[in-house]
Structure formats: C-alpha cells, structure tokens
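What follows is a single structure, written as structure tokens, with notes after it.
FYI, it's all coordinate maths here, none of it is from the lab. This structure is a prediction, so every number in the text was calculated from the model and none was measured. Heads up, the Cβs are rebuilt from the backbone with ideal geometry, glycines too, and the neighbour counts pull from every protein chain shown.
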Amino acid sequence: MSILILHGPNLNMLGRREKEHYGSGDQQELLRMLEERFPDLQFELFQSNHEGELVDRIHKAVDQEYAGVIVNFGAFTHTSVALRDALTLLPQDRIEVHLSNIHARESFRHTSLTGGVCRGMISGFGFYGYVMAVEALLQNR
Ligand code: DQA
C-alpha cells in the first residue's frame, strides 16, 4: 500500500527555514520517520515550488493506486483555487497537514482553500501530524 505526500513551496527547505515554526528535520527525515513507523507502507513524496507542477502531479495521481494522499501545500494552502479544484478530481482519501498551527499565526494563514476538499486537517503537531494523518487514512479503509 502506498501513500502519496504532496508538498508545496519552500518545504524543500525544511530543516533550514523558520525552525521555531517547522522544526529542525528535513523532508528526508520525515520520510525516514514514516517508513520506520509504518514498515508495511510505501511513501512517495512529491515537492514542488510551482503551483502548476502540483496540479499536474494531482492529475497523474487520479489514475494511480494510492491508499490516500497527504497534502501540505505550504503558502498555496491559503491562495490556490487551482489546487483545491484539482484535489476534487482525486478518488483517494485526502488529509491536509500543517507543521505549524496555522490558526495561531498571522490572519492570512487562518484560511485554507485546500483543506475544505480534504476529509480533515491536522495542524500544529510538526512531523507527528503526518503520523496522525497516516493513522487516519488507515482507519478509513
Ligand atoms: C505550512 C503553513 C503555511 O502557512 C506556510 O506557508 C508553510 C508551511 C505548515 O506546514 O505549517 O509553508 O503549510
């Protein structure tokens, strides 16, 4: 069983950006943690700084066999109607994750355009949010 993780802009810089919000681990460490925690699952992480590339990757996923999709679109969360519309094409279960608590930060982060087309959203628990998202995907199968 495979789970697709979609990461938006600046998440390739995890471990080097605003550690007080996002922690000190990078994307490789996130993947390693998930693989250790869920040895029977495969994880595929796609990160892009470009909105259209993320839309294209979602379109590709429409016909792919994933047990679920975890999304953290970074700043595009708050702006992208295109990503929201693309997500509605996916037949797979979807969970949105944010490392930081977006409701405890600047008001422009309080709205998620993409979270409304996911089954649920987990925000503020760092990497552990991804663990919770995987548990939620497994529990729904
Ligand atoms: C983020 C929150 C967003 O507001 C921000 O733009 C990010 C990261 C998070 O994981 O907490 O890039 O999605």
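Among complete DSSP H helices in the chain, none has alpha-carbon atoms stretching at least 18 Å along the helix's long axis together with a mean Kyte-Doolittle hydropathy reaching 1.0. Every helix of 4 or more DSSP H residues in the chain counts as -39500 (n - 2.57), and over all residues that averages to -9000 deg cm²/dmol at 222 nm.
Placing dummy labels 7 Å off each Cα toward the beta-carbon, the span from Met1 to Phe125 is 1.7 nm. Of the GluC sites (Glu not before Pro) found in region 38-89, the ones in coil according to DSSP and having at most 11 other Cβ atoms within 10 Å of their Cβ are Glu65. A P(r) calculated from all alpha carbon pairs of region 1-53, with 5 Å bins opening at zero, reads 5, 18, 25, 22, 18, 9, 2 percent. Note on Glu135/Gln42: beta-carbon distance plugged into 1/(1 + (r/R0)^6) with R0 of 22 Å gives a FRET efficiency of 0.85. Here the Kirkwood formula puts the hydrodynamic radius of region 38-115 at 13.4 Å, using every distinct Cα pair. Per residue, the convex hull around the alpha carbon atoms of the chain comes to 93 Å³.
Mind checking which of His59, His50, His78 has the largest fluctuation in a GNM of the chain, springs on alpha carbons under 10 Å? Greatest mean-square fluctuation among the candidates belongs to His50. I'd like the FRET efficiency for Gln92 and Arg57, computed as 1/(1 + (r/R0)^6) with the beta carbon distance as r and R0 of 22 Å, rounded to 0.05. In this case the efficiency is close to 0.95. Taking other residues whose beta carbon is less than 13 angstrom from the beta carbon of Val97, and scoring Lys, Arg as +1 and Asp, Glu as -1, yields 0.
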